[in-house]
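Data block below; observations after.
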Amino acid sequence: MNIGAINTLKVVKTVDFGVYLDGGDGLEILLPTRYVPDPCNVGDDVEVFIYHDNEGRLIATTVRPLAVVGEFQWMQVNEVTKIGAFLEWGIMKDLLVPFREQKMPMNQGRSYIVYVYLDAVTNRIVASARIDKFLDNVPPKYEYNQEVNLMVTEETEIGYKVIINNLHTGLLYHNEVFRRLAKGEKLKGYIKEVREDDKIDVSMFKLGYEKIDGIALQILNILNRNGGYLPVHDKSDPNEIQALFACSKKSFKQAIGALYRQGLISLEAEGIRKVTPGPNP
């Protein structure tokens with residue numbers, strides 16, 4: 001049983017106000033009635049999140065919080081008290097950010113990127129807005145074009161800073177981003193380069209031919225949603241292409257060229273049309 005994580009625990013006892021789950025070493029953890037699945041019997045396995053309630057007791061819920069221990073998340077402050085700021089966590093209890101873990105004083109109603117962790121002294125789940133100390137602590141071991149999870153942390157003059165796989169910082173360059181990204185936004189990305197100083201460049205699209213395949217698939221999906229035809233072509237305005245496909249005009253031209261060669265689209269004077277395969281002869 002891991003506090004602050006999703007656990008699969010066995011039902012050992014049913015009571016009027018819920019069921020008790022086996023937490024190991026003789027520990028039983030309450031899952032209140034409102035979260036008990038139906039049906040639920042002694043011996044069943046239940047997937048739950050484990051945390052401390054306001055009385056300091058371990059308790060279970062089937063509701064997944066906005067972030068578990070080891071994750072970064074964009075969260076809103078519900079209340080500021082004399083011990084710190086309490087964040088909306090997505091479950092019955094708010095998540096505490098102690099004053100010592102705030103980069104600047106947090107304000108009620110505003111949102112911040114925080115890291116969720118288990119405090120070594122109190123064994124309670126807390127959050128920190130001092131996210132840099134939880135990043136880049138292990139050597140980056142990524143491969144070229146590897147798919148990764150990204151979270152946007154801030155915009156700079158040259159691009160967007162991102163968190164990679166909850167482990168490292170990286171950078172998306174402005175000239176490779178074709179829509180506005182929001183702070184806290186999560187998206188898929190791809191490793192471009194891990195430099196000698198361990199700084200990491202990432203892309204929103206697969207690189208090389210694989211990148212074109214990804215944009216080509218996106219074009220086909222948008223064609224499907226628009227009845228198989230779109231009034232755009234290789235002479236269209238770059239801004240129109242960016243708005244429709246979130247890619248550069250160059251990437252768009254390469255992608256429709258690949259689709260045309262594969263017989264998946266036809267190129268018309270005023271647009272592109274998806275080709276419907278005919279029956280085999």
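The values are calculated or read from the model by the stated rules, or taken from the named source; none is laboratory data. Treat the numbers as computed from the prediction; the structure is a model and nothing was measured. Neighbour counts are summed over all protein chains in view; Cβ atoms, including those assigned to glycine, are modelled from backbone coordinates with ideal geometry. SASA here: full protein model, heavy atoms, side chains in, ligands and nucleic acids out. Shrake-Rupley method; radii C 1.70, N 1.55, O 1.52, S 1.80 Å.
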Next on the checklist: Can you say whether PRO105 is in a loop (DSSP other than H, G, I, E, B), farther than 17 Å from GLY184 by Cβ, open to solvent by 40 Å² or more (accessible area, probe 1.4 Å) and modelled with pLDDT of 95 or more, as far as the supplied structure shows?
Outcome noted: yes
Checklist entry - Does ILE158 satisfy the condition of being exposed (fewer than 14 other Cβ atoms within 10 Å of the Cβ) and either of a type in the set (A, V, I, L, M) or within 20 Å of ILE113 (Cβ to Cβ) (or both)? => result yes
Item to check | Hey, THR33 modelled with pLDDT of 95 or more and within 30 Å of SER128 (Cβ to Cβ) or not | outcome: no
Checklist entry - Among the residues of region 113-127, is there at least one that is among the hydroxyl-bearing types (Ser, Thr, Tyr), outside any loop (DSSP other than H, G, I, E, B) and open to solvent by less than 20 Å² (accessible area, probe 1.4 Å)? => result no
Checklist entry - Quick one: LYS183 ticks every box in (1) part of a loop (DSSP other than H, G, I, E, B); (2) loosely packed, with under 14 Cβ neighbours inside 10 Å; (3) of a type in the set (D, E, K, R) bar one, so which box is it? => result (2)
Next on the checklist: So for region 11-27 (the condition being open to solvent by 40 Å² or more (accessible area, probe 1.4 Å), touching a Gly at 6+ places or on another chain (Cβ under 9 Å) and in a strand (DSSP E or B)), does at least one residue qualify?
Outcome noted: yes
Item to check | Members of region 133-151 that are assigned to a strand (DSSP E or B), open to solvent by 70 Å² or more (accessible area, probe 1.4 Å) and within 27 Å of GLU101 (Cα to Cα) | outcome: ASN149
Checklist entry - Quick check: is even one residue across region 247-257 over 32 Å from the mean Cα position of the chain (by Cα) and of a type outside the set (Lys, Arg)? => result yes
